[in-house]
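Working notes, beginning with the structure itself.
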Amino acid sequence: MDMPINAKATREGSNKNVQRYAQLVVLVLAAGAIYPVLYLRQVYQNSMMLALGIDNTQLGYLYSILGVAFMVSYLPSGWLADRVSPRLLISVSLLGTGLLALWYATLPNFHVLLIIFSGFGITTGLTFWAALLKRVGWLAGEKEQGRFFGVLDGGRGLVEALLATIAIWMFARATTSGGESTSEGFEHVILLYAITCLVLGIVMCLLRDPPRPESSATKDEKPADANLLKDLKQLTRMPELWLVTAIVFCGYHFFWATYSFSAYLTQDGLGLSATMAGVITTIKLWMRPIGGIGGGWLGDRFSNLRVLTYALALASVGMLGLIFLPALHVTLLVVILAVLIGLVTYTIRALYWAILDQCAIPSRITGLAIGIISVVGYSPDVLLPLINGWLTETFPGMLGYRLYFGYVFAIGSMGVLAAVALKKRIDRRNCA
């Protein structure tokens, strides 16, 4: 007996939803595995410098060169994402990052590290970033942007937290009961991430591209007269694009500030051990699934832009707390605040790409728009390592971190203003 038309349509719709979520899971695993090895400083900063034989200034140079590689990669990354299979791009990214991480695990000298970090910028910027974001945008429905991007950031945070928990256990076991040196323990951590990237890269190579949802296929269509220069000109004339860029730029400062929490918590006045600081920053990583998925759900429920604005404001207030609370000798309160800032920061990361859907950007050049926003929005990758390194070397101890967090507070507050301005422009356009 033939299946009733309505039942058949319902079943097909259900199958498409399963496919969409299955694709999203694969993207979450890839995103969660590829970035942690680049940013081991957020949990192991002091141990990392000891193992590699570098100081704060050299550490700043490593992350600055990584940022430069990102900046060079972001715009062509958007162009590639509009033209090349996301599966292929993501596979190349995972395999390349894994191989570079194996080299990193040899604990080479500073000049070799500069080459490795430059390579990381290419494998996670040029071939990965815009392809990931565009694919998630394809998978999400018009009213699911916050949810899907929230699951992406929260889910990758869950993957990162799981890997970080395994890594900190390995590191603690090796350096305490195992009797190994800090350098050997750090080497084990790098190898964990290297092997994970390589395995996932192989899995991605073996997968087949699933059929795109119908709405995604139409989004990917390019007119016959598509022209890169004309597309760039069209995008750069959109005020909404630049306001989103400002929000990403300012919001990303908060995320970068969390990379310094491990070293900050070991300063005089707080005085936690390196292992305890690592445990706390690992707990902070566990806030990412909550902040990402929860923030995405709240954004779809109330308004992505409204929730993002409140999150930016709360993160700004949190920076003030990190500046002034240590003087009161309330270590527990500072620790709780650091974890809560992580929670809010992950909400910001989950939502500042979801608001792109509200900016009336033509879908055929969404990848290019992501590239433009990323070039400016993620420029803190270049600036902040140098600022952080200079401040902490010039003003040793807690003072350097207070000045650094004060700078982040000032820039982050501007992000609140940019979000308010974008809300007004969108409301005026919707009322027109």
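The values are calculated or read from the model by the stated rules, or taken from the named source; none is laboratory data. Note that the structure is a prediction, hence the values are computed from the model and not measured. Glycine also receives a Cβ, built like all others from the backbone with ideal geometry; neighbour counts cover every protein chain displayed.
Out of all the residues in the range 63-108, which are farther than 30 Å from A369 by Cβ and in contact with a Leu (Cβ under 9 Å, 6 or more places away or on another chain)? So that I can check it myself, show each step before the final result.
Step one: of the range 63-108, the residues farther than 30 Å from A369 by Cβ are 99, 101-108.
Passing the criteria: L99, A101, L102, Y104, A105, L107, P108.
Looking only at the range 49-62, filter to residues that are surrounded by fewer than 22 Cβ atoms within 10 Å (Cβ to Cβ) and either small (G, A, S) or touching a Lys or Arg at 6+ places or on another chain (Cβ under 9 Å) (or both); which one of those is nearest to R364 (Cα to Cα)?
If we filter the range 49-62 for residues that are surrounded by fewer than 22 Cβ atoms within 10 Å (Cβ to Cβ), which is where we start, we get 49-58, 60-61.
Subset that is either small (G, A, S) or touching a Lys or Arg at 6+ places or on another chain (Cβ under 9 Å) (or both): 49, 51, 53, 60.
Numbers: M49: 44, A51: 46, G53: 47, G60: 37 Å.
Restricting to residues being surrounded by fewer than 22 Cβ atoms within 10 Å (Cβ to Cβ) and either small (G, A, S) or touching a Lys or Arg at 6+ places or on another chain (Cβ under 9 Å) (or both), the top hit is G60.
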task = Working only within the range 378-416, note down all residues that are at pLDDT below 90 and closer than 29 Å to W79 by Cβ.
result = Y378, S379, P380, D381, V382, L383, L384, P385, L386
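So which residues in the range 354-375 are crowded, with 17+ Cβ neighbours inside 10 Å and aliphatic (A, V, I, L, M)?
Filtering the range 354-375 down to residues crowded, with 17+ Cβ neighbours inside 10 Å leaves 354-359, 361, 363, 365-375.
Answer for the range 354-375, where residues must be crowded, with 17+ Cβ neighbours inside 10 Å and aliphatic (A, V, I, L, M): A354, I355, L356, I361, I365, L368, A369, I370, I372, I373, V375.
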ask   = Can L107 be described as at pLDDT 90 or above and not in a helix (DSSP H, G or I)?
value = yes
note = If we ask which residues in the range 290-322 are closer than 18 Å to V339 by Cβ and touching a Leu at 6+ places or on another chain (Cβ under 9 Å), their number turns out to be 11
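Considering the range 170-182 alone, what residues qualify as being assigned to a helix (DSSP H, G or I) and either at pLDDT below 90 or crowded, with 20+ Cβ neighbours inside 10 Å (or both)?
Just the residues of the range 170-182 that are assigned to a helix (DSSP H, G or I), to begin with: 170-175, 182.
Hits for the range 170-182 are F171, A172, R173, A174, T175, T182.
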key: Pairs, first touching a residue at least 60 places away in the same chain (Cβ under 8 Å) in the range 51-66, second outside any helix (DSSP H, G or I), C-beta under 8 Å, six or more apart   = A51/L107; L52/L107; L62/I54
Out of C205, C250, sole residue that is modelled with pLDDT of 75 or more, over 30 Å from K423 (Cβ atoms) and touching a Leu at 6+ places or on another chain (Cβ under 9 Å) = C205
ask   = Counting just the residues of the range 233-270 that are of a type outside the set (S, T, Y) and part of a loop (DSSP other than H, G, I, E, B), which one comes out surrounded by the most Cβ atoms within 10 Å (Cβ to Cβ)?
value = L265
query = When V317 is evaluated against the numbered criteria (1) of a type outside the set (D, E, K, R); (2) free of Cβ contacts under 8 Å to residues at least 60 places away in the same chain; (3) touching a Gly at 6+ places or on another chain (Cβ under 9 Å), which criterion, by number, is the only one it fails?
reply = (3)
note = Subset of the range 351-400, residues within 22 Å of D153 (Cα to Cα) and of a type in the set (D, E, K, R), comes to D357, D381
task = Would you be able to say whether some residue in the range 215-229 is modelled with pLDDT of 80 or more and either over 26 Å from the mean Cα position of the chain (by Cα) or surrounded by fewer than 15 Cβ atoms within 10 Å (Cβ to Cβ) (or both)?
result = yes
request  = Scan the range 388-400 and report the pairs whose first residue is free of Cβ contacts under 8 Å to residues at least 60 places away in the same chain and whose second residue is small (G, A, S), with Cβ atoms within less than 6 Å and a gap of 6+ or a chain change.
outcome  = L391/G400
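Got at least one residue in the range 105-120 being hydrophobic (A, V, I, L, M, F, W, C), closer than 24 Å to A22 by Cα and touching a residue at least 40 places away in the same chain (Cβ under 8 Å)? Walk me through how you get there before you give the answer.
Pass one, the range 105-120, residues hydrophobic (A, V, I, L, M, F, W, C): 105, 107, 110, 112-117, 120.
Of the ones still in play, those that are also closer than 24 Å to A22 by Cα are none.
The answer is no; no qualifying residue exists.
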ask   = Restricting the first residue to the range 226-240 and requiring it to be of a type outside the set (K, R), which pairs with a second residue that is exposed (fewer than 12 other Cβ atoms within 10 Å of the Cβ) meet a Cβ separation below 8 Å and a spacing of at least six or different chains?
value = M238/A360; E240/A360
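Looking at the range 330-353, which of its residues are part of a loop (DSSP other than H, G, I, E, B) and either surrounded by 21 or more Cβ atoms within 10 Å (Cβ to Cβ) or touching a Ser or Thr at 6+ places or on another chain (Cβ under 9 Å) (or both)? Can you show your working first?
Within the range 330-353, the subset part of a loop (DSSP other than H, G, I, E, B) is 330, 352-353.
Those that are part of a loop (DSSP other than H, G, I, E, B) and either surrounded by 21 or more Cβ atoms within 10 Å (Cβ to Cβ) or touching a Ser or Thr at 6+ places or on another chain (Cβ under 9 Å) (or both): Y352, W353.
So that you can scan it fast, the table gives a plain yes or no per residue for (1) surrounded by fewer than 19 Cβ atoms within 10 Å (Cβ to Cβ); (2) of a type in the set (K, R); (3) over 14 Å from the mean Cα position of the chain (by Cα); (4) under 30 Å from R364 (Cβ atoms):
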site	(1), (2), (3), (4)
I122	no, no, yes, yes
T127	no, no, yes, yes
W138	no, no, yes, yes
G155	no, no, no, yes
L158	no, no, no, no
